[in-house]
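Here is the structure we will look at.
The numbers here are math on the coordinates, done by the rules we state, and not lab data. All values reported here derive from a predicted model rather than from experimental measurement. Glycine also receives a Cβ, built like all others from the backbone with ideal geometry; neighbour counts cover every protein chain displayed.
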Amino acid sequence: MLPQSRPFALSLTWSPPVRRITWPTREYAAAGALLGTVAGLAAAARHDLAAGFVLLLFLPPALALAGALAGLFAARHGWRYAAPLAGALLGSTLLPLHDPHGWVIGAALGGLLHGARLHSFDRAVRYAALGALLGALAWGLCAVYVTGLVTLGAGAG
């Protein structure tokens, strides 16, 4: 540490204290990234060859990042917000990626299941509404990302 008598003195032997950065939520992030990767691969497999190839290259990493962030969010704040996002990823793989119905219905079902798990009808309805909103937002972000990829691909070709 710096000497207290000279607060602005420069010491060449001073080093910052060693802090160990722990990451206790890495299991949640890894599970979310795995779910996002699987969702991206399944969504890419549902499209024709040209679009599927582009989606295969760019969608799994983006959804893996989104899944990892949702996992971290779940570890820090609980499954209240992450369960609808996981449902949205599942709904996006069951219905076409560009269709908002899969995102919204999946997220609403994820929120509904989380509320039912808490044995509360009011919470189930509230989390289903929250899930529908989060599903619509997630679909909007994914649609902007895919539109950017298509625009980028059209400009390069």
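State all residues of segment 34-49 that are more than 18 Å from Asp99 (Cα to Cα) and in contact with a Leu (Cβ under 8 Å, 6 or more places away or on another chain); if no residue qualifies, say none.
Leu35, Thr37
Considering segment 106-129 alone, what residues qualify as being part of a helix (DSSP H, G or I) and surrounded by fewer than 20 Cβ atoms within 10 Å (Cβ to Cβ)?
Matches in segment 106-129: Leu113, Ala116, Arg117, Phe121, Asp122, Arg123, Ala124, Val125, Arg126, Ala129.
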